Amino acid sequence: MQQRAINVILTGVTGTALAGMLVAGVAAASDDSAPSEQQNLSQEASTTGQHKDAPKSSDKSGSKGDSAADSKRGKNDPRVLLSGKTTASYFWDDGSGVNGDTGAPAGGKPMQKGLFASPSWPMHTKVKVSYNGRSVTGFVGDRGPGRPSHKGIMLDLDTYTFRYLLDGKKPQSKYNAGGGEGHLKGIKWEVLKWGSGAGKKGKPRPFGS
């Protein structure tokens, strides 16, 4: 810049022209110095790979973790306390006396879909039964089977549950499941919650034992 001023003086340039050239020189020197703010942002973005205001990867992963936790908390998968397999029969005792009906269920609740009979489990125990890819969740509301339980038949299912597990259909009547089957062998049972009524927890035991 000093050299440019000397050249101007030597060539006899006027004071006004000299002032203009000096201003232009300062501007040129400013352009050659540090980059502008926009250039700084561009450089920073190219160096870090993201805008300075963009969320950090840790923020993103934290959000994902929270979502996973919420999803896990939202699940309602009851804990299986005990499970096994048995042969099941069917019944419908509503106090009508039809087909050897022995009276209202012993658990105090009226006969209904999803009411099962067990020879030993506590009354009102929550049980899930599965067969052929179908399942029903019900509860123990009666005692039974009687003598068949000593031969390994440890569950008596209501007529509707029995027929549904068999082939997905409805029974011919409350007292006759139909379908040509009187027993379901290899039915899976899962205790989901023990009842507070009379009975014994643990594996099913024959009636009266």
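Every number in this text was worked out from the coordinates using simple rules, so none of it is lab data. The shown structure was predicted, so the numbers you read here are calculated from the model rather than taken from an experiment. All Cβ positions, even for glycine, are placed from backbone atoms using ideal geometry, and neighbour counts span all protein chains on display.
Okay, here's what the table says:
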{"read-out": "log10 of Debye I(q)/I(0), alpha-carbon scatterers only, for the range 102-209 at 0.17 Å⁻¹", "value": "-0.75"}
{"read-out": "Near-label residues of the range 81-106 by backbone N, under 16 Å of a point 7 Å along Cα→Cβ of ALA198", "value": "103-106"}
{"read-out": "Mean Cβ count within 10 Å, highest first, over the residues of peptides 164-175, 112-123", "value": "112-123, 164-175"}
{"read-out": "Alpha carbon centroid spacing (whole Å) that separates the range 181-200 from the range 103-119", "value": "13"}
